[in-house]
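K.L.:
Below are the structure tokens for one structure; questions will follow.
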Amino acid sequence: MSGRRSRSRQSSGTSRISEDQINELIINLQQLLPELRDSRRSDKVSAARVLQDTCNYIRNLHREVDDLSERLSELLANTDTAQAALIRSLLTP
Amino acid sequence: MESISPARSSGYDQSRRKRKKKQPSPPPSSSSVQKWRSEKQQQIYSTNIIQSLRELRISAAAADPSAKLAPPRGGGRAVRDAAYRSLAVTARGRTLWSRAILSKAVKVKLKFRKQNRPRNSNPTTMVSITGSNRLRKRRATVLRLKAKGLPAVQSKVKLLGRLIPGCRKQPLPVVLEETTDYIVAMEMQIRALNAIISAVSSSSAPRTPTPGTGHDGEETHMLG
């Protein structure tokens, strides 16, 4: 019994990344999510919930980038002279 | 809601200070988040992506001299790949996902070009890119996670690892760090794409006095 305890203490001592650090990473993640950022019960949001919402959020972001790149390709296909104006407008501060 | 110059300069100084201190593993948390939200990063990214879009159009025009417009179906995918590649380049190779995106692009290029070249060149490039990944993996698998070894958390993190490029076999803390950076980078990418689209559409439409940043009240994007 005592051997097991000492072993567990050793492992937590030598581990580089502790449970607290993981909690902190998950809290950082929670701060990024728009839904959970302004949640009132910020202490009681479980890690699984944060991760699930993160998956959904990333899928939404992927979809949005796909939509935007479709629109951009259509725009670029239809307008030729817009390119010069675009580069000028974006590269001059 | 763009961050103004004080935030930009503080993020830049932070990265400089960290480099001088020579930390063994720079944690990509708050400093990288600030960096992706800065105006400067968005400008760098815009420059990169516009350059790659120009190359796209030139190659498309050269392939089809008769057709004046690029094919709309394939064009969207090409634009999206260019967007992700530019994003990975802007990340300057400090994160797993950016290196994975770039190595995927290199692999496709090599496969496309290679007919006679032996395949020995591929493993060497992969080793140089994933060398640091192997070190990370060994270090993190030694530890034992107690409560975070919950099957629910583990399965969700595996899902997350599949969504983010290059993180399929990574341990939990690595996936979490990569996710944080990836999300903020994607948000910047969406902001930049919106700005480009509004700039292109406003320049092609009849001239109306629009402000320089081109931030329309778009309803389609969820940010801001």
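K.L.:
Can you find a residue that is closer than 25 Å to residue B:83 by Cβ and at pLDDT below 80 anywhere in segment A:69-77? If you could, list the steps in order and put the result at the bottom.
P.N.:
Pass one, segment A:69-77, residues closer than 25 Å to residue B:83 by Cβ: A:69-77.
Those left that are additionally at pLDDT below 80: A:76-77.
Yes - at least one qualifying residue is present in segment A:69-77.
K.L.:
Between a residue in segment A:69-93 that is closer than 19 Å to residue B:76 by Cα and more than 7 Å from chain B (Cβ to nearest Cβ) and any residue that is surrounded by fewer than 17 Cβ atoms within 10 Å (Cβ to Cβ) and at pLDDT 75 or above, which pairs come within a Cβ distance under 9 Å, given they are 6 or more apart or on different chains?
P.N.:
A:83/B:54
K.L.:
Name the helices (runs of 4 or more DSSP H) wholly within segment A:1-56 that hold at least 3 residues that are within 16 Å of residue B:182 (Cα to Cα) and modelled with pLDDT of 50 or more? Before you say what the answer is, go through the steps one by one.
P.N.:
Details: elements: A:2-14, A:19-32, A:34-37.
Once the helices (runs of 4 or more DSSP H) in segment A:1-56 are filtered for at least 3 residues that are within 16 Å of residue B:182 (Cα to Cα) and modelled with pLDDT of 50 or more, what remains is A:19-32.
K.L.:
Moving on to the next point. With (1) closer than 22 Å to residue B:97 by Cβ; (2) at pLDDT below 85; (3) at the interface with another protein chain (Cβ under 9 Å from one of its Cβ atoms) as the list, and residue B:128 as the residue in question, which single condition is left unmet?
P.N.:
Just one mismatch for residue B:128, condition (3).
The values are calculated or read from the model by the stated rules, or taken from the named source; none is laboratory data. Source: prediction; values computed, not measured. Cβ sites come from the backbone with ideal geometry, for glycine too, and all protein chains shown count toward neighbours.
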